[in-house]
Amino acid sequence: MKFFVDNWILIAVAFVSGAMLVWPMVRRGGGSASVTTAEAVRLINREKGVLVDVGEPAEFAAGHAAGARSVPLGQLEGSKELPSNKALPVLVMCATGARASRAAAQLRRAGYERAMAVSGGNAAWRDAQLPVERAPAAGAVAQKSA
C-alpha cells in the first residue's frame, strides 16, 4: 500500500496513458465508424461494398464517386437504392463527410452492421484522384445536325 501512496503520480500517468490508447477503439465501435478512401476502394473491390452518396440531388449531379447510388439523407429510411443484403459493407459519402457519419449511424441502427462513412467525403475522393462521374444536365437535349 505504501508503494501506491508514494507513487500515486506515476500510477495516475499510467492510467491516463492507457485510457488514451483505448479511447479510439471505444469511440470507433460506438457510432463514428469511418474508413479512408483507400479502405473504401478495398471494400468495394474485395467485399462487394456498396457506395451510397447521401448528398442532395444537385450535389450528386455536380459530381459524385463513380458507381455511387444517390440516396439523399432525408430519404435514407426505407430507400429501395440500399442493398437488400445487410451484411455487405455500405460506404456512405457526402460532400465533406459530415452528413455521412450521421447516415452511417442511422443505417447501423436499421441493421446495416457494416455501414461506414468515407472520411472526407467527395472532397477526399477527388483528392485521392479516384474516378468521379457527373450526371447529365437537366434539360440537355441532343442537337441534330441539319
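Here's the yes/no breakdown for (1) in contact with a Leu (Cβ under 8 Å, 6 or more places away or on another chain); (2) not aliphatic (A, V, I, L, M):
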residue: 48; (1), (2): yes, yes
residue: 68; (1), (2): yes, no
residue: 77; (1), (2): no, yes
residue: 93; (1), (2): yes, no
residue: 124; (1), (2): no, no
residue: 134; (1), (2): no, yes
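In the condition set (1) buried (at least 16 other Cβ atoms within 10 Å of the Cβ); (2) in contact with a Gly (Cβ under 8 Å, 6 or more places away or on another chain); (3) farther than 20 Å from residue 33 by Cβ, residue 132 is compliant with all but (1).
Can you tell me which residue within segment 67-98, out of those that are of a type outside the set (Val, Ile, Thr) and under 11 Å from residue 122 (Cβ atoms), is modelled with the lowest pLDDT? Talk me through it step by step, then tell me what you get.
Looking only at segment 67-98, we keep the residues that are of a type outside the set (Val, Ile, Thr), and these are 67-70, 72-89, 91, 93-95, 97-98.
Of the ones still in play, those that are also under 11 Å from residue 122 (Cβ atoms) are 68, 93-95, 97.
Numbers: 68: 94, 93: 95, 94: 93, 95: 90, 97: 83.
The selected residue is 97.
Among the helices (runs of 4 or more DSSP H) confined to segment 1-116, the ones with at least 1 residues that are buried (at least 20 other Cβ atoms within 10 Å of the Cβ) are located at 37-47, 57-62, 98-109. Listed by first and then second residue, the pairs linking a residue in segment 71-94 that is without any contact (Cβ under 8 Å) to a residue 24 or more places away in the chain to a residue that is outside any loop (DSSP other than H, G, I, E, B), with Cβ atoms under 7 Å apart and 6 or more places separating them unless they lie on different chains, are 71/52; 72/57.
The values are calculated or read from the model by the stated rules, or taken from the named source; none is laboratory data. A quick note: this is a predicted structure, and the numbers were derived from the prediction, not measured. Backbone-built Cβ (ideal geometry, glycine too); neighbour counts: all protein chains shown.
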